[in-house]
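None of the figures in this text is laboratory data; all of them are computed from the coordinates on show. Note that this is a predicted model, so its numbers are computed, not measured. Here the Cβ positions follow ideal geometry from the backbone for every residue, glycine too, while neighbour counts run over all protein chains shown.
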Amino acid sequence: MRRRIGFWGILGWVLFMTSLMTTSDPPGAFSQSSPARDSFGLAKSKPPKKAPPFSLKTLGGKQITLDELKGKYIMLKFWATWCPSCVEELQPIQKFSEGNKDQLVILLPAIDGEKENKVRRCTEKHKITLPVLLDPKAKTARAYGVNFVPVSFFINPQGLIVGTAVGERDWISPRAWSAVKELLDLRVS
């Protein structure tokens, strides 16, 4: 048991450090620092890259594609029911969305394999009304390079990934919306 915990702890640390390295500035990149964005832990993509297309079903059976969301600001938050910090973030994300529905589309792709009922029970228990997408074979997660959950991708109206948030965040804090507005360069309140 000791070796197993050690192995998983080391693996988790390696994945976490890898994700930090992939979101940091490339050598020679020069960017302006943003106090709100930096203090909340949002990493700006430099340069922004095209978001991989996806077509996923919601728990309700509706198909959602990235193409139909063009022209909108999107937060794509990958999560799983087996991830305690992911589940802990669900209600704060729900509350965060309530004040920002007109400016930001929040989608919650679950990477729980074929366990739709488990995802449904979890979201019902936490009273989540945001669109929960099913990524049963984690194909979309792989296309986005997800190797750690929770992770959020912020996509601008042109379909470009402009930033990421790796790990759990306090989405209820006043800093959350300020940081997201700065990252997405939103001019609305």
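State the Kirkwood hydrodynamic radius of the stretch 60-189 in Å, one decimal place, computed from all pairs of distinct Cα atoms. Display every interim value, and only then the final one.
Numbers: mean 1/r = 0.0671 Å⁻¹.
With all distinct Cα pairs of the stretch 60-189 included, I get 14.9 Å.
Please list, in order along the stretch 135-146, the HN-Hα scalar couplings obtained from phi with the Karplus expression 6.51 cos²θ - 1.76 cosθ + 1.60 (θ = phi - 60°), rounded to whole Hz, x for Gly and Pro.
Each residue's phi maps through the Karplus curve to give 10, x, 9, 6, 5, 5, 4, 5, 4, 8, x, 5 Hz.
If the chain between ILE172 and GLN103 were fully stretched, how many nm would it gain, using 0.36 nm times the residue separation less the Cα-Cα distance?
This chain segment gains 23.2 nm when fully extended.
For the stretch 82-189, which trypsin sites (Lys or Arg not before Pro) are in a loop by DSSP, counting at most 12 other Cβ atoms within 10 Å?
Numbers: sites: LYS95, LYS101, LYS115, LYS118, ARG120, ARG121, LYS125, LYS127, LYS137, LYS139, ARG142, ARG169, ARG175, LYS181, ARG187; in loops: LYS101, LYS115, LYS127, LYS137, ARG169, ARG187.
Sparse-neighbourhood loop trypsin sites (Lys or Arg not before Pro): LYS101, LYS127, LYS137, ARG187.
Using 0.36 nm per residue of separation minus the Cα-Cα distance, give me the extension gain between GLU116 and GLN158 in nm, one decimal. Present the calculation step by step, with values, prior to reporting the outcome.
Details: separation 42, 0.36 × 42 = 15.12 nm, distance 3.12 nm.
Gain on extension, GLU116 to GLN158, equals 12.0 nm.
Work through the residues other than CYS83 whose Cβ is under 10 Å from its Cβ and net out their charges, Lys, Arg +1 and Asp, Glu -1. It would help to have the intermediate numbers written out before the result.
Working: positive: none; negative: GLU88, GLU89, ASP112, GLU168.
Taking every Cβ under 10 Å from that of CYS83, the sum is -4.
With a cut-off of at most 13 other beta carbons within 10 Å, and DSSP calling the residue loop, which GluC sites (Glu not before Pro) in the stretch 84-189 qualify? Please list them. Write down the numbers at each step before the final one.
Numbers: sites: GLU88, GLU89, GLU98, GLU114, GLU116, GLU124, GLU168, GLU182; in loops: GLU114, GLU168.
Of the GluC sites (Glu not before Pro), the ones in loops of the stretch 84-189 whose Cβ has at most 13 other Cβ atoms within 10 Å are GLU114.
Amide H of VAL162: which non-local residues (sequence gap of 5 or more, or other chain) have their own amide H closer than 5 Å, using H built in the peptide plane?
PHE154, ILE155, ASN156
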